[in-house]
Each structure stands twice: as structure tokens, then as C-alpha cells.
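Asker: Take a look at the following structure, please.
The values are calculated or read from the model by the stated rules, or taken from the named source; none is laboratory data. In this text, all values refer to a predicted model and were calculated from it rather than measured experimentally. Don't worry about glycine lacking a Cβ; one is built from the backbone with ideal geometry, like all the others, and counts go over all protein chains shown. To get the accessible areas, we keep the full protein, side chains included, count just its heavy atoms, and leave off ligands, DNA and RNA. Shrake-Rupley method; radii C 1.70, N 1.55, O 1.52, S 1.80 Å.
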Amino acid sequence: MTVTLRPASPADLSAITEIYAECVLNGVASYELEPPGRDEMETRMTAITAAGYPYLAAIEDDRVIGYAYASAFRTRPAYRWLVENSVYLSPEARGKGVGKSLLARLVDECEQRGFRQMVAVIGGASPASIALHLALGFTEAGRLTGTGFKHGNWLDTVFMQRPLGEGNRSDPLPLSL
């Protein structure tokens, strides 16, 4: 499997919408119950990229098989050095290292932009997602039990975190972000 990572573009939105829809309908990573349409996904991508966050696509044979992005964890100004990551894969891309490649690149791009912490909010406490994040230096920061009800089950949410760059060992530059 030869996979190329690159910035996602509006041309990727149909595939991204399809991947996310499958995750919403069949998985627990997202607590949405109805998949949003392409227009809503475009609105979301535009907001994320316009705010300066990275949004990546994983390509195999000219086809999007996964995507990842960082976004604001919270909107209050003191949180501006903290990002939340999201990684979604098509079923055929799972378990093949695509998620790890996307997340590693996302970490690098966020560090280059001056962010200091990254958090993962793992819906359904997915063992595969937890393992992915552990492999890239994240540690568990907390667990909320019974936070979502989907597919007939109460789901836990796991928070994981990792420092970016100097993390909290130094003050951020006053004019950064």
C-alpha cells in the first residue's frame, strides 16, 4: 500500500463526506447520529482551514482513503495553544498504518504552527484509537463514563494528550497564534 499525504482540498470533499458518513453510521468515534452532507462538510473544512489549522488527506491510487485535521479544543483565548485532533479512515485503510501516518504528520504540522498541546477526544473509548495515540506519545488524561448513547450502548469518552514542541515548559511567544 503506497499512501501519499497532502493537504486536503475542496476536491476531496465527496470522498471525505463518504468516509465520515460510514464512521457516523457504523462506528462510535463520532457521536453524531446522522451524517452531514457535503455542503456541511465543506462549511466545516472551510472554517478549520481558514482559522489556520491543518487538514490532511491520505491518498492511495488517486483516491482519498482517510483524512485528519486539527481544530480548536475550546474557543476561549487562553486555550489557543491547544488543538484537538480528528482522524477518520475508510474501512479498507484501517489497521494498515494510514492513521498513524496521518496523525504523525498532523502532530508535526501543529508543532510547526506553534501549538503547544494536542488532545484527542476518543468517542466510544475505541481500543484501536487509544493504541494509535499511545504509539505517538499521547497519554491518557481522563475518562468520562456513559457520555454518549449510540447503537444501543452507553459509551465512554477517553481524553488523551501530548505536548507539542516545548509544551508547557516555556511561555508561548506573545504574538503567536
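Asker: Looking at A104, is it surrounded by fewer than 18 Cβ atoms within 10 Å (Cβ to Cβ), within 20 Å of A58 (Cα to Cα), touching a Lys or Arg at 6+ places or on another chain (Cβ under 8 Å) and among the hydrophobic types (A, V, I, L, M, F, W, C)? Write out each step before concluding.
Answerer: Values: surrounded by fewer than 18 Cβ atoms within 10 Å (Cβ to Cβ): yes; within 20 Å of A58 (Cα to Cα): yes; touching a Lys or Arg at 6+ places or on another chain (Cβ under 8 Å): no; among the hydrophobic types (A, V, I, L, M, F, W, C): yes.
No, not satisfied.
Asker: Within region 20-38, how many residues are more than 23 Å from I130 (Cα to Cα) and open to solvent by 80 Å² or more (accessible area, probe 1.4 Å)? Give the derivation first.
Answerer: Of region 20-38, the ones more than 23 Å from I130 (Cα to Cα) are 34-38.
Applying the additional criterion that residues be open to solvent by 80 Å² or more (accessible area, probe 1.4 Å) yields 34, 38.
Count: 2.
Asker: In addition: Here's a check for you: in region 114-123, which residue that is closer than 14 Å to D156 by Cα and surrounded by fewer than 22 Cβ atoms within 10 Å (Cβ to Cβ) is farthest from the chain's Cα centre (by Cα)? First the steps, then the outcome.
Answerer: Within region 114-123, the first condition is being closer than 14 Å to D156 by Cα, and the residues that meet it are 120-123.
The next check asks that each one be surrounded by fewer than 22 Cβ atoms within 10 Å (Cβ to Cβ); those that pass are 121, 123.
Values: V121: 9, G123: 12 Å.
Within region 114-123, the match that is farthest from the chain's Cα centre (by Cα) is G123.
Asker: Another one. Can we say L144 is out of contact with any helix residue (DSSP H, G or I) (no Cβ under 8 Å at 6 or more places or on another chain), over 24 Å from R94 (Cβ atoms) and in a strand (DSSP E or B)? Before the answer, list the steps.
Answerer: Values: out of contact with any helix residue (DSSP H, G or I) (no Cβ under 8 Å at 6 or more places or on another chain): yes; over 24 Å from R94 (Cβ atoms): yes; in a strand (DSSP E or B): yes.
Yes, satisfied.
Asker: Out of the residues in region 124-141 meeting the condition of being open to solvent by 70 Å² or more (accessible area, probe 1.4 Å) and in a strand (DSSP E or B), tell me which one is farthest from R113 (Cα to Cα).
Answerer: E140
Asker: So which residues in region 50-68 are out of contact with any strand residue (DSSP E or B) (no Cβ under 8 Å at 6 or more places or on another chain), open to solvent by 40 Å² or more (accessible area, probe 1.4 Å) and either at pLDDT below 95 or in a loop (DSSP other than H, G, I, E, B) (or both), if there are any at all?
Answerer: Within region 50-68, the first condition is being out of contact with any strand residue (DSSP E or B) (no Cβ under 8 Å at 6 or more places or on another chain), and the residues that meet it are 50, 52, 61-63.
Retained after the next criterion (residues that are open to solvent by 40 Å² or more (accessible area, probe 1.4 Å)): 50, 61-63.
D61, D62, listed by residue number.
Asker: Which one of these is part of a helix (DSSP H, G or I), hydroxyl-bearing (S, T, Y) and surrounded by fewer than 13 Cβ atoms within 10 Å (Cβ to Cβ): T43, T17? Give the steps one after another, and end with the answer.
Answerer: Values: T17 fails: surrounded by fewer than 13 Cβ atoms within 10 Å (Cβ to Cβ).
On inspection, the qualifying residue turns out to be T43.
Asker: Collect the residues in region 70-89 that are closer than 19 Å to D12 by Cα and either without any contact (Cβ under 8 Å) to a residue 24 or more places away in the chain or open to solvent by 40 Å² or more (accessible area, probe 1.4 Å) (or both), keeping them in residue-number order.
Answerer: S71, S86
Asker: In addition: Could you identify the single residue in E92, E22, E111 that is assigned to a helix (DSSP H, G or I), touching a residue at least 12 places away in the same chain (Cβ under 8 Å), under 30 Å from R169 (Cα atoms) and more than 13 Å from the chain's Cα centre (by Cα)? Spell out how you get there, then give the answer.
Answerer: Working: E92 fails: under 30 Å from R169 (Cα atoms); E22 fails: under 30 Å from R169 (Cα atoms).
From the options E92, E22, E111, the qualifying one is E111.
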